[in-house]
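*Asks:* Take this structure, written in structure tokens, and hold onto it; I'll ask about it next.
The values are calculated or read from the model by the stated rules, or taken from the named source; none is laboratory data. Small disclaimer: the values here were computed from a predicted structure and weren't measured. Here Cβ is always computed from backbone atoms with ideal geometry, including for glycine, and neighbour counts include all displayed protein chains.
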Amino acid sequence: MSRINVMQPWLGEEEVTAVAEVIRSGWVAQGPRVAEFERAFADRQQVGYAVATSSCTTALHLALVVAGVRAGDDVVVPSFSFIATANAATYLGARPVFADVDPATGNVSPETLRAALTGRTRAVIVVDQGGVPVDLVALRDVCDPRGVAVVEDAACAIGSTYRGRPVGAGADVTAWSFHPRKLLTTGEGGMLTTRSAEWASQARRLREHGMSVSAADRHAQVLAPAEAYLEVGFNYRMTDLQAAVGLVQLRRLDDVVRRRRELAARYHRALDGTGLRAVRDPAWGTTNYQSFWVEVPPEHPVDRDGLLARLAEAGISARRGIMAAHRQPAYAGRDGVRTDLSTTERLTDRTLILPLFHEMTEDQLDRVVTVLTGTVVPSSARLATSGREG
Ligand SMILES: *Cc1c(COP(=O)(O)O)cnc(C)c1O
């Protein structure tokens, strides 16, 4: 039986041609394709400015810098996230303060956020976990009166919506990922978006060593203008090779989201009534189902790891649910790290992520469901049913 992967990027000949064109042009580093990708991305996301980066992790780092986070500040982050969310604060010598999440969405809520605020909180990073949008307006109501900056980690959420618009536009600054595990990929890559012209230009400068003139602008002139290094920056640039792929991928995005939501609806129909609780759209938006997770309740006859093993035996690659950063050696036992994150621990221990990708067939999905739910029906019950049906 052929293997079913948990995720597969959707790439084609158009991407191959786009990269070949960049190579033939002779300009492969950050240049015209990156600028074009940034404009197209800002349009698509309905936000003023987009700054391409080497990854979401580096975009998060820059986002916290422009939001004014400094060493000694506190930054509230969900523990229930990929560890890069917390690391961005640590890079700056700030302290990540872990917030718990809401059980239905896997996201920080106004209540869990409020419980994690301290007198030194400078910013929060809210995460649209697995593609499920956060309730940004409700979270801003907590942060704005306190002067706490709201950074959105939308690594998973391209193609998700909040109150009828693309996610990410309502935060002070938002970070995106183009890793192949996400819906839109450039191999590695990321983006920072913001409504602030000033923050965008600071991020642009910081991603390129703090230079006053970009390398692309210097190259455009035979006698390059002298550059100054205005502050200590980084090399967080994207290449034109990556941006060329990103431009093609952006055009595929609507198709990808539509197909994923179709497949997710099929999962929902099949799993309703099985006792396995699947992630769904929240009241305030739609998810792109970047991670289609299900929660295995304690009374279920087979536990999460048992189900994972059964799937693996059948050649189906599922995954343990989202990690809990506060339990990782990098953070566990550190000064001030909270351990009372009961919903985070429950979701981390009891959820699994099912295969879902653009080119997945209905047959493949049905095979996943059969293996997953087949394990919960005792063989005696199955025999009894088939007996009654003759
Ligand atoms: C994938 C992911 C990241 C990291 O993205 P990279 O582009 O690999 O740096 C950060 N935050 C979340 C929530 C993610 O899912």
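*Asks:* Answer yes if at least one residue in the stretch 35-46 is out of contact with any helix residue (DSSP H, G or I) (no Cβ under 8 Å at 6 or more places or on another chain) and part of a loop (DSSP other than H, G, I, E, B), and no otherwise.
*Replies:* yes
*Asks:* Another one. Can you name every residue in the stretch 140-161 that is away from the ligand (no atom under 16 Å from the Cβ) and either in contact with a Pro (Cβ under 8 Å, 6 or more places away or on another chain) or farther than 21 Å from Phe82 by Cα (or both)?
*Replies:* Start the filter on the stretch 140-161 by keeping residues that are away from the ligand (no atom under 16 Å from the Cβ), which leaves 140-149, 161.
Listed by number, the residues that qualify are Arg140, Asp141, Val142, Cys143, Asp144, Pro145, Arg146, Gly147, Val148, Thr161.
*Asks:* Does the stretch 178-199 hold any residues that are near the ligand (Cβ under 10 Å from one of its atoms) and either of a type in the set (Ser, Thr, Tyr) or within 19 Å of Arg258 (Cα to Cα) (or both), and which are they?
*Replies:* Within the stretch 178-199, Phe178, Pro180, Arg181, Lys182, Thr185, Thr186 qualify.
*Asks:* Ok, one more. Looking at the stretch 249-262 only, could you name the residues that are surrounded by 22 or more Cβ atoms within 10 Å (Cβ to Cβ) and either in contact with a strand residue (DSSP E or B) (Cβ under 9 Å, 6 or more places away or on another chain) or without any contact (Cβ under 8 Å) to a residue 60 or more places away in the chain (or both)? Walk me through how you get there before you give the answer.
*Replies:* Our first condition is that a residue be surrounded by 22 or more Cβ atoms within 10 Å (Cβ to Cβ); within the stretch 249-262, this holds for 249, 257, 260.
The answer is Val257, Arg260.
*Asks:* Let me ask something additional. In the set Val377, Val337, which member is assigned to a loop (DSSP other than H, G, I, E, B), crowded, with 17+ Cβ neighbours inside 10 Å, of a type outside the set (Gly, Ala, Ser) and at pLDDT below 90?
*Replies:* Only one candidate passes the filter, namely Val337.
*Asks:* Looking at Ala71 and the list (1) touching a residue at least 24 places away in the same chain (Cβ under 8 Å); (2) away from the ligand (no atom under 16 Å from the Cβ); (3) not charged (D, E, K, R), which single condition is not satisfied?
*Replies:* Among (1) touching a residue at least 24 places away in the same chain (Cβ under 8 Å); (2) away from the ligand (no atom under 16 Å from the Cβ); (3) not charged (D, E, K, R), the lone unmet condition for Ala71 is (1).
*Asks:* Gln202 - would you say it is assigned to a helix (DSSP H, G or I), within 16 Å of the ligand (Cβ to nearest atom) and not small (Gly, Ala, Ser)? Steps first, answer last, please.
*Replies:* Working: assigned to a helix (DSSP H, G or I): yes; within 16 Å of the ligand (Cβ to nearest atom): no; not small (Gly, Ala, Ser): yes.
No.
*Asks:* Sticking with this one: For the stretch 142-186, enumerate the residues that are under 16 Å from Thr58 (Cα atoms), in a strand (DSSP E or B) and of a type outside the set (Phe, Trp, Tyr).
*Replies:* Within the stretch 142-186, Val151, Glu152, Asp153, Val173, Thr174, Ala175, Ser177 qualify.
*Asks:* Filter the stretch 269-294 down to the residues that are touching a Lys or Arg at 6+ places or on another chain (Cβ under 8 Å), more than 16 Å from the ligand (Cβ to nearest atom) and assigned to a loop (DSSP other than H, G, I, E, B) and list them by number.
*Replies:* Trp284
*Asks:* Moving to a separate point now. Would it be correct to say that Ala312 is aliphatic (A, V, I, L, M) and assigned to a loop (DSSP other than H, G, I, E, B)?
*Replies:* Taking the combined requirement at face value, the residue does not satisfy it.
*Asks:* Restricting to the stretch 7-62, what's the tally of residues that are touching a residue at least 40 places away in the same chain (Cβ under 8 Å), under 23 Å from Thr161 (Cβ atoms) and among the charged types (D, E, K, R)?
*Replies:* Residues in the stretch 7-62 being touching a residue at least 40 places away in the same chain (Cβ under 8 Å), under 23 Å from Thr161 (Cβ atoms) and among the charged types (D, E, K, R): 2 in total.
*Asks:* Can you work out which of the residues in the stretch 138-174 that are among the small types (Gly, Ala, Ser) and on the phi > 0 side of the Ramachandran plot is surrounded by the most Cβ atoms within 10 Å (Cβ to Cβ)? Please lay out each step first, then the result.
*Replies:* Let us first name the residues in the stretch 138-174 that are among the small types (Gly, Ala, Ser), namely 138, 147, 149, 154-155, 157, 159-160, 164, 168-171.
Those left that are additionally on the phi > 0 side of the Ramachandran plot: 147, 159, 164, 168.
Values: Gly147: 9, Gly159: 24, Gly164: 8, Gly168: 26.
Within the stretch 138-174, the match that is surrounded by the most Cβ atoms within 10 Å (Cβ to Cβ) is Gly168.
*Asks:* Which number in (1) of a type outside the set (A, V, I, L, M, F, W, C); (2) away from the ligand (no atom under 16 Å from the Cβ); (3) closer than 16 Å to Arg338 by Cβ marks the one condition that Pro96 misses?
*Replies:* Result: Pro96 fails condition (2) only.
*Asks:* Sort out which residues of the stretch 19-58 are surrounded by fewer than 20 Cβ atoms within 10 Å (Cβ to Cβ), touching a Leu at 6+ places or on another chain (Cβ under 8 Å) and under 24 Å from Arg259 (Cα atoms), and write them in order of number.
*Replies:* Ala40, Arg44
*Asks:* From the list Pro145, Pro180, exactly one residue is of a type outside the set (Lys, Arg), out of contact with any strand residue (DSSP E or B) (no Cβ under 9 Å at 6 or more places or on another chain) and over 21 Å from Phe292 (Cβ atoms). Which is it?
*Replies:* That would be Pro145, the only listed residue that is of a type outside the set (Lys, Arg), out of contact with any strand residue (DSSP E or B) (no Cβ under 9 Å at 6 or more places or on another chain) and over 21 Å from Phe292 (Cβ atoms).
*Asks:* Let me ask another. Would the stretch 220-234 turn up any residue that is surrounded by 14 or more Cβ atoms within 10 Å (Cβ to Cβ) and hydroxyl-bearing (Ser, Thr, Tyr)?
*Replies:* So far as the stretch 220-234 goes, no, none of its residues is surrounded by 14 or more Cβ atoms within 10 Å (Cβ to Cβ) and hydroxyl-bearing (Ser, Thr, Tyr).
*Asks:* Another question, if that's okay. Right, Ala29: more than 20 Å from Arg195 (Cα to Cα) and part of a helix (DSSP H, G or I) or not?
*Replies:* Against the criterion (more than 20 Å from Arg195 (Cα to Cα) and part of a helix (DSSP H, G or I)), Ala29 does not qualify.
*Asks:* Picking from Glu359, Glu299, which residue would you name as being under 21 Å from Gln8 (Cβ atoms), out of contact with any Pro (no Cβ under 8 Å at 6 or more places or on another chain) and in contact (Cβ under 8 Å) with a residue 24 or more places away in the chain?
*Replies:* Glu359
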